[in-house]
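The values are calculated or read from the model by the stated rules, or taken from the named source; none is laboratory data. Small disclaimer: the values here were computed from a predicted structure and weren't measured. Positions of Cβ are generated from backbone atoms using ideal geometry, with glycine treated the same way; all protein chains shown enter the neighbour counts. These area figures cover heavy atoms from the full protein model, side chains too; ligands, DNA and RNA do not enter into them. Shrake-Rupley method; radii C 1.70, N 1.55, O 1.52, S 1.80 Å.
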Amino acid sequence: MALRLNLSAENRERKTQISADADPELSETARVSRRGFLSPLTRRILVVNVLALAILLAGLLYLGRYEQNLIASEVQALRTQGEIFAEALAEGAYGTRPDGTTELQGAIASTMLRRLVTPTKNRTRLFDQDGLLVADSRTLLGSQGASITVSALPPPDLETSVGNLFDRAYNKIIGWLPGRGLPLYEERADQRAADYEEVARALEGVSASALRVDDADRLVIGVAVPVQRFKQVIGAVFVARDGTMIDEAVRSVRVDILTIFGIALCVTVLLSVYLGNTIVRPLRRLAAAADKVRSAPGQVRSMPEFTGRNDEIGDLAADLNAMTDALTQRLDAIESFAADVAHELKNPLTSLRSAVETAARIDDLGQQRRLMDIIQDDVKRLDRLISDISDASRLDAELSRDESDKIELNRLLAALVEVHVTSGSHGDRKIAFEETSKGPFRILGNEGRIVQVLQNLISNAFSFSPPDGLVMVRIGREGGWVVATIEDEGPGIPAGSLEKIFDRFYSERPESEQFGTHSGLGLSISRQIVAAHQGKIQAENRTDLHGKVLGARFNVRFPVS
C-alpha cells in the first residue's frame, strides 16, 4: 500500500531527473550520424530495386536470339555469293584433261576470283576436287609469278582515348555473359580442304557453313559451295567473313540498352532514396518520440502526427497517438487514484488515532467502551476500503487475462432475483423480474464480474428504497444490445450527479445507513467492468407526468453475442 501511495511522488522525481528539452529531432540526428547517410531500410530498398534492374539488364544484354538471326541472314548472303562465284568459275575457269575430265585452271580462276570478290571485300578461296588450294582473294600474282598475300592491318590502339576506356568497360561487362563456345579459327601455311569441315562437305556436293572465333574472340563465318560442271564437282568456293558487322550491330543495341540502364539506374537510386526517406524519416521521428515517452511518460502528451498520409505510417502514427493518449490518461488516473486513496484512508486513520490517544488518557470504562466501538468501526471501514481498492487496482489486469464465456443474461438476472426473494434479508422491501421483449439474451463476458455489477446495482436499489418499496429488474432487447434495467422507489439521484455517482469514492448514501458502510467504489468498479465488456451503464431518475421523481433507474447495455 505504501508503494501505491508513493507512486505519484516517484513519478514526479523521475520527471525532474529527465531533461525537459529532449528533442526527437536531436535523437533522429544522432541515429543518422550513427547509421550513416543511408538507413538500413533505405539500403535494402535500394539493393532490391537495383538487383531487379540488373537481372533485367543481364537478360537484355544476352541478345542470343537477335544475334542468331543476324548470323543466319549473313550465312544466307554468303551462300548466295558463293553460288554466284561457283557458277562463274564453272563457266570460265575450267580446262579439259587429256583423259576428257574437267579441272580448274589456277591462273584463270585466280584472276576471275579477284574480280568477283572486289565488290564484296569478302575473303574467298577456291579448292580443287583434290582438296588443294587453287586461288585466294588475298593472294596477288606478281609479274614474275611471285605471290603476294594482302592482310588487313589492325586498328590503332588509343590507350588514352575515352572511347577505348568505354570499350574496355563494355568488354568487361560482356565478359560476364556466357561465351559463344565456338571452335578456334586457324589457318595453316599449306591450306587444304580437310582443314575446313564445310569445304570438305562442299567437295561432296553439299553446301555447308560453319562458325568459328579468331584469336581476338571475333566471330568468323565460313560458307562453302561446290563448283559443278555438268553435275561433276570440280572444286569448292570457300567464302569467309568476320562477324564485325554482326558484333557492331549487337554492340549498338547493347550500348543503347546500357544507356537506358544507366538512366534507369539513376532514376531507381533517386526514387529508392526518396522512398526510403519517406518511410524512414517518419519512423525515426516516431521512434524518437516513443523513446521520449519511455524516458519521460508524464511529459509527452502526443506523438508526431502525419494526418496527410493515407497509408500504414499514418495509421501507425494515429495508433501511437491513441496509445500515448491512453497511457497519459492511465498515468493521470493512477496519480489521481493514489491521491484519492490517500485522502480516503486518512479519514479513518485520523479518527482511529484520535480514539486511541483519547482512550489512553481516560479511566471511565463506559467512555473507553464507546471509543473501542469507534476503533472497531474504523478498522472495519479500513478493511472495506483496502479490499475495494485492491479489487479496483487489479480489475483491468484480471479482465484482460480472463477468457469470455457465453452468458444467458436473463437466466442470470432471474437467479439473482430469486436469491434475494428467498433470503428475505431486505425486510418488507420486494423485488420482481420481467422480460420486456423476446430473446435471445446471450452475451460474452466474465460471469463473476457481471454478477458483481448486477448485485451491486440491486443492493444499491434496496438500500435507497423505502421499507415497503419495490425493486424492479427488467431485461429486453434494443437492436444489437441486451439491456438490463434496475429501478427503485427511492428519493432518486441528486440533480447534477447522474455522472458524478460513477466517480471513485463518491458518497451519497441514505441517512439511515451507518457511515462508512460503503467505500464509494462500487459504481466506479461497475462502470469499469461494463466498459471492459464493450458495454455502457447509465443512471437516470424516474419521473411522473408532472416531473416528480419516483426513484432511480440504472440501465446496463451489453452487445449481443
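Worth a mention:
- Accessible area of D468 (1.4 Å probe, protein heavy atoms only, ligands and nucleic acids ignored): about 110 Å².
- Modelled FRET efficiency - R0 30 Å, R251 with A72, Cβ distances, 0.05 increments: 0.95
- Virtual spin-label span in nm between K406 and T80, 7 Å along Cα→Cβ: 8.6 nm
- Overall shape: prolate for the stretch 186-341, with the ratio a/c of the largest to smallest alpha carbon gyration tensor axis at 1.5 or above and a/b above b/c.
- If the segment from T259 to M372 were pulled out straight at 0.36 nm per residue, it would be longer than the present Cα-Cα gap by 30.7 nm.
- Straight-distance crosslink candidates among lysines, where the alpha carbon sits under 24 Å from K292 and sequence neighbours closer than 8 are dropped: K15
- FRET efficiency estimate (nearest 0.05) - Cβ-Cβ, D311 to D503, R0 45 angstrom: 0.65
- The distance between label points at D544 and A290 comes to 6.2 nm (points 7 Å beyond Cα on the Cα→Cβ vector).
- Sites L51 and D332, calculated FRET efficiency, Cβ-Cβ separation with R0 41 Å, nearest 0.05: 0.20
- Cross-link partners of K380 among lysines (Cα-Cα below 16 Å; sequence separation of 8 or more within a chain): K346
- Considering only T259, Q191, G276, and ranking their Cα positions along the charge dipole of the stretch 188-317 that arises from unit charges at the beta-carbon of Lys, Arg, Asp and Glu, the one farthest toward the positive end is G276.
- For T139, net neighbour charge (Lys/Arg +1, Asp/Glu -1) across residues whose Cβ lies under 11 Å away: +3
- Maximal additional length on extending the A216-R138 stretch stands at 26.0 nm, based on 0.36 nm per residue less the C-alpha distance.
- Residue order for M245, M472 - accessible surface, 1.4 angstrom probe, largest first: M245, M472
- Contour excess over end-to-end distance, with Cα ends at T101 and A318 and 0.36 nm allotted per residue: 68.0 nm
- Rounded accessible area per residue of the stretch 397-467, 1.4 Å, Å²: 55 Å²
- Contact order relative to length of the stretch 418-512, as percent, for alpha carbon pairs under 8 angstrom and 6 or more apart: 29 percent
- Taking all protein chains as shown and a probe of 1.4 angstrom, L444 keeps an accessible surface of around 90 Å².
- Cross-link partners of K536 among lysines, defined as those whose alpha carbon lies under 20 angstrom from its own and excluding same-chain residues fewer than eight positions apart: K406, K500.
- Applying both filters, DSSP loop and at most 14 other Cβ atoms within 10 Å, to the trypsin sites (Lys or Arg not before Pro) of the stretch 221-302 gives K231, R301.
- Rounded accessible area per residue of the stretch 215-290, 1.4 Å, Å²: 48 Å²
- Here the label points at A432 and Q455, each 7 Å from Cα along the C-beta direction, are separated by 2.6 nm in the simple model.
- Restriction of the chymotrypsin sites (Phe, Trp or Tyr not before Pro) in the stretch 183-282 to DSSP coil positions whose beta-carbon has at most 16 other beta-carbons within 10 angstrom yields F230.
- Proximal charge balance of G469 [Cβ under 11 Å; K/R count +1, D/E count -1]: -3
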